[in-house]
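The block underneath contains the structure these notes are about, expressed in C-alpha cells.
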Amino acid sequence: MDPNTAQLLFFGVIIVVIIGLMFRNGRKRQRTAQEMTTGLQPGAEIMTSSGIFGTITAVDDAENKITLQTGPNSELTVHRQAVGRIVTPVAQDGTQLNGDPVVLDDAAADPTFGERATAVDPTTEDPTRRSGGAAS
C-alpha cells in the first residue's frame, strides 16, 4: 500500500469518528432538553441560569414564560430558557421526587440531643447559668 494512501485513509477514519461523536453529542443534548421540558411542571423546584432558586407556580406554553415563587410573598416571571436545572422534579401524581420517603408523623416536634425540651424565657434568671461578673 502506498504511504500517501495509508495516510489519507487514516485521516478519513479520524474524520468519520469525529463526525460520529458530534452526532452522538447532539442527540444527547436533545434528549436532555426534552427531559427538561417535560419536567417543567407546577410544583417542581428549579434553579435558573443566574442562580435563583424557586418553585414553579404556573407555566405559560404560549409565551414560553414560567412563574416562580422565590419566597413567601415574591414571584418572578422568567423565560423558559432561563431554567438552568431542575432541583426537585414532580411526579405525574404531583408529589415531589427527592429520593426520601415522606413520613407524616410528629417526630419533628421532639427535641434532638442537647436541645432544650421546653422553651426558656430569656428574661428570667437561670440558676445553672454563670454570672457575667468580672474575671479574677
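The values are calculated or read from the model by the stated rules, or taken from the named source; none is laboratory data. Nothing here was measured: the structure is a model prediction, and the numbers come from that model.
Are any of the residues in the stretch 105-114 under 20 Å from the mean Cα position of the chain (by Cα) and modelled with pLDDT under 70? Don't jump to the end; show me each part of the working.
Restricting attention to the stretch 105-114, the residues satisfying the condition of being under 20 Å from the mean Cα position of the chain (by Cα) are none.
There is no residue in the stretch 105-114 that is under 20 Å from the mean Cα position of the chain (by Cα) and modelled with pLDDT under 70.
Collect the residues in the stretch 69-88 that are modelled with pLDDT of 90 or more and either aliphatic (A, V, I, L, M) or under 10 Å from the mean Cα position of the chain (by Cα) (or both), keeping them in residue-number order.
Selection gives LEU76, VAL78.
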